[in-house]
Amino acid sequence: MIWSRDMGVDLGTVNTLVYVKGRGIIIHEPSVVAVNKKTGQILAIGEEARKMVGKTPAHIVAIRPLVAGVISDFEITEQMIRYFIDKAFGKRFFPWPQPRLVVGVPCGVTEVEKKAVEDAARNAGAGEAYLIEEPLAAAIGIRLPIQEAGGNMIVDIGGGTTEVAVISLGGIVNSRSIRIAGERLNQDIVRYAEEEFKLVLGERTAEEIKIKIGSAMPLREELQYPMRGRDIITGLPKEIMVTDEDVREAMKNSIRAIVSEIKNAVEDTPPELLADVMKRGIYLVGGGSLLRKLDELIQKETRISVKTPEDPMTAVVRGCGIVLENLPKLREVLISTEELEPPK
């Protein structure tokens with residue numbers, strides 16, 4: 001077989017990444033679908049849909065079909081997965097075997113939510129759909145020795161959720177998941193702009209400000225960036241210069257909650273595994289790990305060294321890809337939903 005039909009999918013709240021066996025990561029697009037409310041027709045998916053956010057007539061809405069990594073709109077999610085399958089392999093004039101998918105899901109999702117992801121993948125054209133918990137996939141993606149009898153701690157700060165997990169012998173020993181992550185930080189900046197500067201900001205603008213000057217701790221040199229929005233009082237466009245200190249103030253409660261969750265996970269870790277974690281360090285992955293000085297803050301609060309691997313945003317999808325490449329050997333790390341199958 002020249003082309004493999006196997007796909008690893010990091011189905012995120014904000015972005016979806018797709019890995020194809022033998023080809024690597026070929027898709028990295030927003031998890032957004034533009035829908036015409038009058039007709040129910042899907043107009044665009046992914047990057048094209050993201051461009052429409054905030055710029056469409058009232059009857060065209062941009063939908064994020066996943067909330068905190070969990071399907072909130074089944075049919076739209078199914079269409080989105082089908083779009084990514086078609087984009088990965090193209091339309092063919094002769095029959096292909098149906099692809100096998102390995103899909104990352106958050107820790108702590110219910111059996112019903114797991115089944116929803118599996119069903120959406122199968123209805124979108126997958127022959128087989130396997131699920132893997134995202135922290136486990138991320139640990140595999142950054143080549144941690146997860147199958148050994150030793151503690152590995154990983155913190156995955158995505159768009160919708162922050163997940164903390166301690167892994168040993170190919171499984172998650174201790175995990176925590178909170179719905180505070182990249183998107184919440186954007187919303188914090190929007191709220192702060194409204195309360196402090198009487199300025200209405202779009203979420204995309206807030207995200208840009210977070211990326212350009214956001215930080216978890218004070219920086220050596222002050223950073224500034226223009227905040228552009230609509231003045232609440234006059235209704236007219238307004239621009240002000242904000243500093244990294246302003247943005248830090250806006251995000252402080254959410255950052256504190258993330259750090260607190262990591263500390264709680266450390267406290268709940270069995271002593272033998274904690275000794276391994278202290279020696280190996282905490283690994284930080286996901287888009288949120290790129291926030292300036294977040295690693296330093298976590299290190300200061302936990303007193304454990306914090307490491308951010310290369311390209312932390314793709315850790316989960318790379319892990320899904322490694323599982324695909326070694327399915328017989330790594331099958332035990334997958335989630336089984338067989339108990340949900342109706343009796344025959």
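The residue of the range 304-328 that is surrounded by the most Cβ atoms within 10 Å (Cβ to Cβ), among those that are out of contact with any Lys or Arg (no Cβ under 7 Å at 6 or more places or on another chain) and acidic (D, E), is D311. Out of I45, I81, I25, I76, one residue alone is closer than 26 Å to D311 by Cα and out of contact with any Gly (no Cβ under 9 Å at 6 or more places or on another chain). It is I45. Residues in the range 160-205 that are outside any strand (DSSP E or B), of a type in the set (G, A, S), touching a Ser or Thr at 6+ places or on another chain (Cβ under 8 Å) and buried (at least 23 other Cβ atoms within 10 Å of the Cβ): A181 alone. Which ones in the range 133-154 are in contact with a helix residue (DSSP H, G or I) (Cβ under 6 Å, 6 or more places away or on another chain) and of a type in the set (A, V, I, L, M)? L136, A137, A138, I140, I142, I146, M153, I154, listed by residue number. Across the range 262-291, the number of residues qualifying as under 30 Å from E207 (Cα atoms) and either in contact with an Asp or Glu (Cβ under 8 Å, 6 or more places away or on another chain) or not in a strand (DSSP E or B) (or both) comes to 14.
Taking the range 1-57 as the search range and keeping residues that are small (G, A, S), assigned to a strand (DSSP E or B) and without any contact (Cβ under 8 Å) to a residue 60 or more places away in the chain, which one is surrounded by the most Cβ atoms within 10 Å (Cβ to Cβ)? Spell out how you get there, then give the answer.
Taking the range 1-57 as the starting set, the residues that turn out to be small (G, A, S) are 4, 8, 12, 22, 24, 31, 34, 40, 44, 46, 49, 54.
Filter once more, keeping what is assigned to a strand (DSSP E or B): 8, 24, 34, 44.
With without any contact (Cβ under 8 Å) to a residue 60 or more places away in the chain added as a condition, the list becomes 34, 44.
Working: A34: 21, A44: 18.
Only one residue fits best here, namely A34.
The helices (runs of 4 or more DSSP H) falling completely within the range 292-344 that include 3 or more residues that are modelled with pLDDT under 95 map to 315-325, 327-330.
Being modelled with pLDDT under 90 and at negative phi is true for just one of A44, A49, A68. Which residue is that? Reasoning before the result, please.
On the way: A44 fails: modelled with pLDDT under 90; A68 fails: at negative phi.
It is A49.
Can you find even one residue in the range 243-252 that is part of a helix (DSSP H, G or I) and touching a residue at least 60 places away in the same chain (Cβ under 8 Å)? Within the range 243-252 (the criterion being part of a helix (DSSP H, G or I) and touching a residue at least 60 places away in the same chain (Cβ under 8 Å)), the answer is yes, since at least one residue qualifies. With respect to E75, determine if the residue is surrounded by fewer than 18 Cβ atoms within 10 Å (Cβ to Cβ), more than 30 Å from L136 (Cα to Cα), under 21 Å from the mean Cα position of the chain (by Cα) and of a type in the set (D, E). Against the criterion (surrounded by fewer than 18 Cβ atoms within 10 Å (Cβ to Cβ), more than 30 Å from L136 (Cα to Cα), under 21 Å from the mean Cα position of the chain (by Cα) and of a type in the set (D, E)), E75 does not qualify.
So, I240, is that one part of a helix (DSSP H, G or I), surrounded by 14 or more Cβ atoms within 10 Å (Cβ to Cβ) and of a type in the set (A, V, I, L, M) or not?
Numbers: part of a helix (DSSP H, G or I): no; surrounded by 14 or more Cβ atoms within 10 Å (Cβ to Cβ): yes; of a type in the set (A, V, I, L, M): yes.
It is false that I240 is part of a helix (DSSP H, G or I), surrounded by 14 or more Cβ atoms within 10 Å (Cβ to Cβ) and of a type in the set (A, V, I, L, M).
Look at (1) in contact with a strand residue (DSSP E or B) (Cβ under 9 Å, 6 or more places away or on another chain); (2) within 26 Å of T13 (Cβ to Cβ) and you find that E239 fails only one, number (2).
Yes or no: D295 farther than 28 Å from E195 by Cα and either out of contact with any helix residue (DSSP H, G or I) (no Cβ under 9 Å at 6 or more places or on another chain) or surrounded by fewer than 19 Cβ atoms within 10 Å (Cβ to Cβ) (or both)? Full working, then the answer.
Details: farther than 28 Å from E195 by Cα: yes; either out of contact with any helix residue (DSSP H, G or I) (no Cβ under 9 Å at 6 or more places or on another chain) or surrounded by fewer than 19 Cβ atoms within 10 Å (Cβ to Cβ) (or both): no.
No, not satisfied.
Looking across the range 255-289, the residues that are out of contact with any Gly (no Cβ under 9 Å at 6 or more places or on another chain), touching a residue at least 60 places away in the same chain (Cβ under 8 Å), surrounded by fewer than 17 Cβ atoms within 10 Å (Cβ to Cβ) and not small (G, A, S) come down to N264, D268.
The values are calculated or read from the model by the stated rules, or taken from the named source; none is laboratory data. Here the structure is a predicted model, which is why all the values come from computation and not from measurement. In this analysis, Cβ positions are derived from the backbone assuming ideal geometry, glycine residues included, and neighbour counts consider all displayed protein chains.
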